[in-house]
Each structure stands twice: as C-alpha cells, then as structure tokens.
1. Looking at (1) in a loop (DSSP other than H, G, I, E, B); (2) exposed (fewer than 11 other Cβ atoms within 10 Å of the Cβ), which one does MET4 not meet, given that it meets all the others?
2. Please specify each residue of the range 39-62 satisfying the condition of being open to solvent by less than 100 Å² (accessible area, probe 1.4 Å) and under 16 Å from the mean Cα position of the chain (by Cα).
3. If ARG78 meets every condition in (1) open to solvent by 100 Å² or more (accessible area, probe 1.4 Å); (2) in a helix (DSSP H, G or I) apart from one, which number is that one?
4. Please go through the range 81-91 and pick out each residue that is part of a loop (DSSP other than H, G, I, E, B) and either open to solvent by 100 Å² or more (accessible area, probe 1.4 Å) or in contact (Cβ under 8 Å) with a residue 40 or more places away in the chain (or both).
Amino acid sequence: RDAMGPEKLKEVVAFHRRERLRELKEEQSAKAMEEGDYMASAMAMWFTPFMPNLLNTCVFLVETSQCIAVLLVNYKGRPWMKGISENHPLFLSVFACVAGCGAC
C-alpha cells in the first residue's frame, strides 16, 4: 500500500471491480444460454451495470453520425415535403446531434 499510494490503490480497486462485474455478466449469460433460456440471457444484460469505455464511445459516435448522414441524404425535401431549413424541429434536432458528435 505504501509503495503504490492511495491514488494508484483506488485505480487498482476500480479495475478489479470492473473486471469482476464483467466476469459475473459473462457467467450469468453463459448459464442462461446453457439452459436454453434466451430471455434470462437478455435479462442478464439489463441487470449488470453499463461500463463505458473508449470502444463504446467510438461506436456510438460513428453510429450516430451515420444515422445523421443517412437522414440528410435521403430526406426528400421540396417539392414533396418541407425543406430541411423550413422544418425547424428536424433542423434543430439534426443540428444538436451534429454539434454533440462534434463536441465529443
């Protein structure tokens, strides 16, 4: 303890806690799949806490930017619908998503 210091000790404890939660999640899911209970396997994912990491964040940002791009490319606009600048709720929500992705 004295060699590591309190900050490093907290990091190690947090790491072990995350790893133990991940192991419990995998055990519960594997047990449910062995029994053939797919609903219990899905519920095991809901009852274990979410642990964000760099991969989760990158996947979320890429998926969100792809959805925004598909929406903008496939939006029909005039003459069938309002233009993107005339549809204020859509424009503001797309702008907020682009700004949020850009800020991260």
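The values are calculated or read from the model by the stated rules, or taken from the named source; none is laboratory data. Given the structure is predicted, the values throughout are model-derived calculations rather than measurements. Glycine gets a Cβ as well: all are built from the backbone with ideal geometry, and neighbour counts include every protein chain shown. SASA here: full protein model, heavy atoms, side chains in, ligands and nucleic acids out. Shrake-Rupley method; radii C 1.70, N 1.55, O 1.52, S 1.80 Å.
1. For MET4, the exception is condition (2).
2. THR48, PRO49, MET51, PRO52, ASN53, ASN56, THR57, CYS58, VAL59, LEU61, VAL62
3. (2)
4. Result: LYS82, single match.
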